[in-house]
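A short write-up of the structure that comes next.
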Amino acid sequence: MADPSSYRPKPGQIPDSPGVYRFRDEHGRVIYVGKAKSLRQRLSSYFQDLAGLHPRTRTMVTTAASVEWTVVSTEVEALQLEYSWIKEYDPRFNVKYRDDKSYPSLAVTLGEEFPRVQVMRGPKKKGVRYFGPYAHAWAIRETVDLMLRVFPVRTCSAGVFKRSAQIGRPCLLGYIGKCSAPCVGRVSPEEHRELAEEFCDFMAGRTGAYLRRLEQRMHEAAEEMEYEKAARLRDDIEALRRAMEKNAVVLADATDADLIAVAEDELEAAVQIFHVRGGRVRGQRGWVTDKVEAVDTAGLVEHALQQLYGEESGDAVPKEVLVPALPEPVEPVAQWLGQRRGSRVDLRIPQRGDKKDLMATVQRNAQQALVLHKTKRASDLTTRSRALEEIAEALELDSAPLRIECFDISHLQGQDVVASMVVFEDGLARKGEYRRFQIRGFEGQDDVRSMHEVIGRRFRRYLLEKQKAGEWSEENAVEAVEATEAEEETARTEDGRPKRFAYPPQLVVVDGGQPQVAAARRALDELGIDDVAVCGLAKRLEEVWLPGEDDPVVLPRTSEGLYLLQRVRDEAHRFAIAYQRSKRTKTLKAGPLDAVPGLGETRKKALLKHFGSVKRLRAATVEQICETPGIGRKTAETIAAALAAAAPPAPAVNTATGEIMEEAGE
């Protein structure tokens with residue numbers, strides 16, 4: 001590990017101008033490339049106290065052994081040079097988007113004498129016009145099959161084309177009218193190229209004028225009583241319309257735009273791009289990347305723009321690029337895009353209307369792509385095994401933690417404080433083992449005290465289960481039994497059997513840092529449990545804290561163990577939030593009848609159905625309440641007393657008319 005001060009440039013040596021810089025390791029390999037409006041300010045930020053740097057930046061500067069820079073005249077040149085160097089050196093600490101699969105595109109080989117329509121993957125080639133990319137190759141083939149009826153362009157390979165020319169007989173597509181058969185001279189090279197260009201124009205969105213021409217020719221054929229020709233043109237029009245319907249109109253103003261959305265967490269980010277041409281979604285693609293450098297959403301967007309348009313030019317760069325966050329500064333990036341296109345490009349965040357709604361759809365796709373990526377990664381047996389081994393090694397455990405339990409506390413400003421327990425076995429979630437807790441030992445907000453209570457309650461139940469099974473001596477279980485008796489009645493399933501807490505984890509993970517870890521360890525020590533490891537995962541810097549340690553364990557960013565701990569922690573947080581929200585919803589829906597002891601939902605509904613509202617019920621006598629089916633006199637007296645004791649809420653007033661409204665819910 002290098003000391004950054006050993007290669008720090010001397011004061012005044014770094015120029016105060018735009019430029020691009022490279023960090024190299026001890027072997028001379030470029031490990032990071034960056035650009036800056038002011039090289040002096042940017043590079044100086046890397047050589048401050050290591051404790052003040054982001055963990056990923058800290059790792060980069062301690063891996064590097066030297067830094068060099070190149071001065072440029074403008075920020076646009078810096079952007080171009082940065083992209084070129086990232087492509088050339090492939091630095092390990094730069095964000096690099098890679099497709100999670102090779103997306104197919106519809107390609108027309110206009111560089112050939114007889115252009116061919118085909119499905120293509122991989123890098124783009126010169127002399128080929130591309131449409132898409134598409135999510136599935138079969139979607140391209142269905143579209144092409146419909147359009148070949150109107151634009152019978154060659155689709156065969158070079159070998160088939162050459163063979164047909166030699167024998168003087170076209171292939172099957174030539175016989176059924178889905179190829180103009182240039183191989184046997186049915187059309188000239190010029191006529192075939194014109195067909196290919198019309199095909200490209202139609203795919204590019206210029207559909208209205210062509211359809212109108214076909215309709216005019218159909219009407220002319222019908223007037224001249226050439227009914228077979230008119231029927232054929234009618235079928236051609238229908239085929240083209242079906243091909244158009246496969247790409248629904250999403251922007252009514254026939255906009256050409258690319259929409260980019262980003263979904264991210266602490267370690268990874270997913271990018272989704274929708275290509276809209278002529279108001280229709282013509283293609284979709286996505287990337288997933290590791291966040292190997294300290295980068296925010298705007299930075300991820302800038303990297304995505306470089307990846308997307310670095311090799312493009314002309315119409316491949318649309319007039320509008322809609323993003324969730326603008327790079328800082330935005331002017332050089334917009335200018336660079338304009339240079340790639342050859343005209344102005346509008347780079348902005350959609351604020352309203354159809355474009356904002358479509359951006360929300362792209363965002364949902366990005367979020368789903370990130371979830372799917374994580375699910376695939378978590379389901380791999382080899383990856384899970386490596387993750388558990390890395391956790392065991394980092395925490396110095398005797399064996400891999402095959403059962404991990406994670407606890408999280410959730411509340412709303414100190415109200416409705418709850419906790420969650422999630423269970424992962426062999427690296428996979430066991431949702432049937434999840435548990436929820438209400439904090440009952442005290443009132444108010446105290447995450448540390450709440451964590452101590454929850455851990456204690458969970459493991460007291462574990463000791464009770466062991467005592468029932470004869471695996472724990474009665475002397476050691478006395479305190480656990482006494483502490484658990486009070487909550488035993490609340491810990492039963494619908495058929496009366498106690499919930500199972502008989503399986504101890506090898507590792508307890510708490511959401512938090514040193515204070516929460518200390519509270520969890522203290523709760524276990526109080527119960528005499530010393531064979532369960534404890535750690536905490538602090539969300540801000542993804543640091544792993546151990547009991548009694550002043551410094552955290554920092555797992556490598558690429559560690560599968562860190563990924564698993566993060567996934568466990570996030571699942572506990574999600575489960576706690578869901579429970580807390582459900583309790584809050586029930587509290588908000590509570591009414592005056594909820595305060596009546598012994599009154600269930602069925603009789604509440606019967607009372608409201610009989611009287612029509614709580615207001616009328618409050619005004620009723622005991623005898624009138626007794627008339628409700630299922631309500632006896634004693635219950636009626638209890639209801640009347642409870643409603644009389646509860647002060648009625650202030651009447652609602654219509655501010656527009658001054659009219660006093662009926663009470664809410666009555």
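The values are calculated or read from the model by the stated rules, or taken from the named source; none is laboratory data. Note that the structure is a prediction, hence the values are computed from the model and not measured. For neighbour counting, all protein chains shown are included, and Cβ atoms are generated from backbone atoms with ideal geometry for every residue, glycine included. When the accessible area is computed, the model is the full protein with side chains, heavy atoms only, and any ligands, DNA or RNA have been set aside. Shrake-Rupley method; radii C 1.70, N 1.55, O 1.52, S 1.80 Å.
What's the number of the condition residue 445 fails, among (1) touching a residue at least 40 places away in the same chain (Cβ under 8 Å); (2) more than 30 Å from the chain's Cα centre (by Cα)?
(1)
So residue 332 clears everything in (1) closer than 28 Å to residue 128 by Cα; (2) open to solvent by less than 20 Å² (accessible area, probe 1.4 Å) except one condition, right? Which one?
(1)
Kindly list, by first and then second residue, each pair from a residue in region 258-285 that is free of Cβ contacts under 8 Å to residues at least 40 places away in the same chain to a residue that is part of a strand (DSSP E or B) and of a type outside the set (A, V, I, L, M, F, W, C), limited to pairs with Cβ atoms under 9 Å and residues at least 6 apart or on different chains.
Filtered contacts from region 258-285: 281/275.
Please work out which one of (1) β-branched (Val, Ile, Thr); (2) at pLDDT 90 or above; (3) within 30 Å of residue 259 (Cβ to Cβ) is the condition residue 167 fails and give its number.
Looking at each condition in turn, residue 167 falls short on (3).
So which residues in region 1-19 are within 37 Å of the chain's Cα centre (by Cα), open to solvent by 20 Å² or more (accessible area, probe 1.4 Å) and among the small types (Gly, Ala, Ser)?
Hit for region 1-19 is 2, nothing else.
Spot the failing condition for residue 196; the list is (1) in a loop (DSSP other than H, G, I, E, B); (2) modelled with pLDDT of 85 or more; (3) within 43 Å of the chain's Cα centre (by Cα), and only one is missed.
(1)
Can you tell which of 583, 609 is at pLDDT below 85, charged (D, E, K, R), out of contact with any Leu (no Cβ under 8 Å at 6 or more places or on another chain) and open to solvent by 50 Å² or more (accessible area, probe 1.4 Å)?
Details: 583 fails: open to solvent by 50 Å² or more (accessible area, probe 1.4 Å).
Testing whether each residue is at pLDDT below 85, charged (D, E, K, R), out of contact with any Leu (no Cβ under 8 Å at 6 or more places or on another chain) and open to solvent by 50 Å² or more (accessible area, probe 1.4 Å) leaves just 609.
Quick check on my filter: what residues within region 349-370 are closer than 16 Å to residue 281 by Cα and more than 10 Å from the chain's Cα centre (by Cα)?
354, 355, 356, 357, 358, 359, 360, 361, 362
Which is more than 16 Å from residue 348 (Cα to Cα) and surrounded by fewer than 22 Cβ atoms within 10 Å (Cβ to Cβ), of 272, 284?
Numbers: 272 fails: surrounded by fewer than 22 Cβ atoms within 10 Å (Cβ to Cβ).
Among 272, 284, only 284 is more than 16 Å from residue 348 (Cα to Cα) and surrounded by fewer than 22 Cβ atoms within 10 Å (Cβ to Cβ).
Looking only at residues that are assigned to a helix (DSSP H, G or I) and more than 9 Å from the chain's Cα centre (by Cα) in region 371-380, which one is modelled with the highest pLDDT? Spell out how you get there, then give the answer.
Step one: list which residues in region 371-380 are assigned to a helix (DSSP H, G or I), which gives 371-379.
Okay, now just the ones that are also more than 9 Å from the chain's Cα centre (by Cα), so 373-379.
Numbers: 373: 78, 374: 75, 375: 72, 376: 68, 377: 64, 378: 63, 379: 62.
Across region 371-380, the extreme among qualifying residues is 373.
Results for (1) over 28 Å from residue 269 (Cβ atoms); (2) open to solvent by 20 Å² or more (accessible area, probe 1.4 Å); (3) assigned to a loop (DSSP other than H, G, I, E, B), shown as yes or no for each residue.
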{"site": "509", "(1), (2), (3)": "no, no, no"}
{"site": "517", "(1), (2), (3)": "yes, no, no"}
{"site": "525", "(1), (2), (3)": "yes, yes, no"}
{"site": "528", "(1), (2), (3)": "yes, yes, yes"}
{"site": "547", "(1), (2), (3)": "yes, yes, yes"}
{"site": "562", "(1), (2), (3)": "no, no, no"}
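Quick one: is residue 360 of a type in the set (A, V, I, L, M) and at pLDDT below 85? Before you say what the answer is, go through the steps one by one.
Numbers: of a type in the set (A, V, I, L, M): yes; at pLDDT below 85: no.
No; evaluated as a whole, the condition is false for this residue.
Between residues in region 557-582 that are hydrophobic (A, V, I, L, M, F, W, C) and residues that are at pLDDT 85 or above and surrounded by fewer than 18 Cβ atoms within 10 Å (Cβ to Cβ), which pairs lie under 7 Å by C-beta distance while being six or more apart or on different chains?
Between residues of region 557-582 that are hydrophobic (A, V, I, L, M, F, W, C) and residues that are at pLDDT 85 or above and surrounded by fewer than 18 Cβ atoms within 10 Å (Cβ to Cβ), the close pairs are 575/434.
Taking region 616-659 on its own, how many of its residues are at pLDDT below 80, open to solvent by 50 Å² or more (accessible area, probe 1.4 Å) and in a helix (DSSP H, G or I)?
Final tally of qualifying residues: 2.
Going residue by residue through region 231-246, is there one that turns out to be at pLDDT 75 or above, out of contact with any helix residue (DSSP H, G or I) (no Cβ under 9 Å at 6 or more places or on another chain), in a helix (DSSP H, G or I) and within 21 Å of residue 108 (Cα to Cα)?
no
What are the residue pairs meeting all of these: first residue in region 521-534, first residue touching a residue at least 24 places away in the same chain (Cβ under 8 Å) and under 19 Å from residue 450 (Cβ atoms), second residue among the basic types (Lys, Arg) and open to solvent by 20 Å² or more (accessible area, probe 1.4 Å), Cβ atoms under 6 Å, and 6 or more apart or on different chains?
Pairs found: 534/521.
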